[in-house]
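The values are calculated or read from the model by the stated rules, or taken from the named source; none is laboratory data. For clarity, every value in this text was computed on a predicted model and none was experimentally measured. Note that we place each Cβ from the backbone using ideal geometry, even for glycine, and neighbour counts take in every protein chain shown. Quick note on the areas: whole protein, heavy atoms, side chains included, nothing else; ligands and nucleic acids left out. Shrake-Rupley method; radii C 1.70, N 1.55, O 1.52, S 1.80 Å.
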Amino acid sequence: MGVNSERRNIAIIAHVDHGKTTLVDAMLKQSHIFRKNEHVAERVMDSGDLERERGITILSKNTAIIYKGVKINIVDTPGHADFGGEVERVLNMVDGVLLLVDAFEGPMPQTKYVLRKALEHKLKPIVVINKIDRPDARVDEVYDEVLELFMELDADDEQLDFPVIYTAAKAGISKLNPDDEDGDLQPLLETIIKEIPAPEGDADAPLQMVVTTLIADDYVGKIIIGRIQRGKIKPGEQVAVVSEGEVKRAKVGRVYTYDGLNRVETEEAEAGEIVALTGLTEATIGDTVADVENPEALPSIRVDEPTLSMTFGVNNGPFAGREGQFVTGRHIRDRLFKEAETNVALRVEETTSADIFKVSGRGELHLSILIETMRREGYEMQIGKPEVVYKMVDGQKLEPIENLTIEVPQEYMGTVMESLGRRKAEMKDMHEVAGYMRLNFLIPARGLIGFRSELLTSTKGNGIMNHVFHGYEPYKGDIPGRSRGSLVAFEEGETTGYGIFNLQDRGVMFIEPGQKVYEGMIVGENSRENDIDINPCKQKHASNMRTTASDEAIRLVPPRIMSLEQALEYINDDELVEVTPKSIRLRKTVLDRTTRGRAAKNARKAE
């Protein structure tokens, strides 16, 4: 077995906002990937607009730095459990992990999820306690919490003997002891080279590499990324692609390795290197690229099952095609199937209707990121209510359960616990962290739909929630749905201040004056549980009569403007979210109010 001592492959594990991307930036700067006077964009690893806006990493990225002649390949992992499909693959490419933990918040549930996977893969961990320059840092307590976490995850003795580095990534500082003088990132880089094992793999043996990531490139087509387990690979050579026992021949196009943030063409890459290859259009995630003469498959990658599904359909509302560029069923179908090629945790199924597709993913965030990406690309579509994916095992109905962690100030604890009780949540433990109560629950995945906005309302914006997939358990029984009905416009037109003013005591409005609405569009939430048809386009009729009261300025309550996630959480079974590049509208599935009324009457009779 050969060992390539001039290379290290590591992944960074961290919770959302613990400073992972900032740390990678600092490592890039200090390893002189950037020239001295060159302006460096902050958070270079978060390349997507959505990633920068939300401060989360969605897709795993690769980069590499050279330190003292050793190439360190760094793979950024998503911190959010909804992107578990990405995490699973990334860990197949590395020999060790940096576990990055905030010096105030300590280890969080998402960190736990990825760390469990890393320990299962027997990867060497280095713990990095970041943001030690925070005035409220609790360095020693956080170290103890990390140790407890390792024990809870059944780490072996070798994994428990982890090295710890203390950093302030923003300032580019790292040290072996919190009391040491501030230095640069040298202690961190030295520890990586010393502690992370060099990749093993015989460069002279027949080629083997598992495809872990796919990228669609507009210029060179499909790019596959993976780590060479053994052998060598050159541009233009013939290889075998082994997929579920089937062997196909293919020809490698270009071979790239990573240098800083760039992909660099190379004439040969060998065992232990992380490479990107073009030309292998047949290969997909989990396939093995092998030697033509000796095509041996490596174990394929197992990815967590989808837990939530939504329907994506062609927009058939009155305003269809006014704001979007891609509006047909064919456009939507092609885009979804293209996404499913590279987004492994996503499943796309065709339904009996040619214009409706069932899309299943790892959670609300996973699917809403896809919808948001598509609308920014110019797609227009209708999305149905999120539904959880059930399983039948031995005649028993099982449902996905999530591990939910909530942090709230003490005074809101009662309200939150009451709300979660209705949603069939089961409390596991609670403890105080710096004035906040941290509560842990097991809750059915369907109990989380709509909970985020309820939490923010009931805690006046002070509640923080995170959840991670726990497993499948027997069905927990019915959960009450939305308790309030919708205010539905009954004709097409433009809303007026007068029309809205006369309706606002009926409930909460979602619209402003001067907005175009259509019959069947949801314009507000009723204060009672039934739906009401209303007319927000009503004009004030001119008359000769004048009263002081009617001439007073109309005072309108500001409307509730919903984000995409809030809209998806809000809708009922008979409602849809219309998504276009410019608008998010809520509507009834059946727009005609007579047909809707008749259907409701029949449903009541059937009961």
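The listed residues are Leu398, Leu420, and the only one of them that is farther than 26 Å from Glu323 by Cα and outside any helix (DSSP H, G or I) turns out to be Leu398. Only residues that are of a type in the set (Ser, Thr, Tyr), part of a helix (DSSP H, G or I) and farther than 21 Å from Arg587 by Cβ were counted in the range 338-390, giving 2. Is one or more of the residues making up the range 223-232 outside any loop (DSSP other than H, G, I, E, B), exposed (fewer than 15 other Cβ atoms within 10 Å of the Cβ), in contact (Cβ under 8 Å) with a residue 12 or more places away in the chain and more than 32 Å from the chain's Cα centre (by Cα)? No, because not a single residue in the range 223-232 is outside any loop (DSSP other than H, G, I, E, B), exposed (fewer than 15 other Cβ atoms within 10 Å of the Cβ), in contact (Cβ under 8 Å) with a residue 12 or more places away in the chain and more than 32 Å from the chain's Cα centre (by Cα). Across the range 151-176, the number of residues qualifying as open to solvent by less than 20 Å² (accessible area, probe 1.4 Å) and at pLDDT 85 or above comes to 2. Listed conditions (1) touching a helix residue (DSSP H, G or I) at 6+ places or on another chain (Cβ under 8 Å); (2) β-branched (Val, Ile, Thr); (3) open to solvent by 30 Å² or more (accessible area, probe 1.4 Å) are all met by Ile511, apart from (3).
Note on the range 50-112: no enclosed strands (runs of 3 or more DSSP E) hold 3 or more residues that are modelled with pLDDT under 80 and over 22 Å from Lys29 (Cβ atoms).
Taking the criterion of being over 21 Å from Gly286 (Cβ atoms), open to solvent by less than 80 Å² (accessible area, probe 1.4 Å) and not in a strand (DSSP E or B), the only residue of the range 238-262 that qualifies is Leu261. Here Pro187 passes the criteria (1) open to solvent by 30 Å² or more (accessible area, probe 1.4 Å); (2) part of a loop (DSSP other than H, G, I, E, B) except the one numbered (2).
What tally of residues in the range 391-401 results from selecting those that are under 30 Å from Lys588 (Cβ atoms) and open to solvent by less than 30 Å² (accessible area, probe 1.4 Å)?
Total satisfying the criteria: 2.
Restricting Val388, Val408 to those that are open to solvent by less than 40 Å² (accessible area, probe 1.4 Å) and within 30 Å of Ile332 (Cα to Cα) reduces the list to Val388.
For Glu305, state whether it is open to solvent by 40 Å² or more (accessible area, probe 1.4 Å), farther than 23 Å from Arg585 by Cβ and without any contact (Cβ under 8 Å) to a residue 24 or more places away in the chain. No: the conditions fail for Glu305.
Considering the conditions (1) within 27 Å of Met108 (Cα to Cα); (2) surrounded by fewer than 22 Cβ atoms within 10 Å (Cβ to Cβ); (3) modelled with pLDDT of 90 or more; (4) not basic (Lys, Arg), His331 is excluded by exactly one of them, (1).
Looking at the range 570-607 only, could you name the residues that are modelled with pLDDT of 85 or more and assigned to a helix (DSSP H, G or I)? Those that are modelled with pLDDT of 85 or more and assigned to a helix (DSSP H, G or I): Tyr570, Arg593, Thr594, Thr595, Arg596, Arg598.
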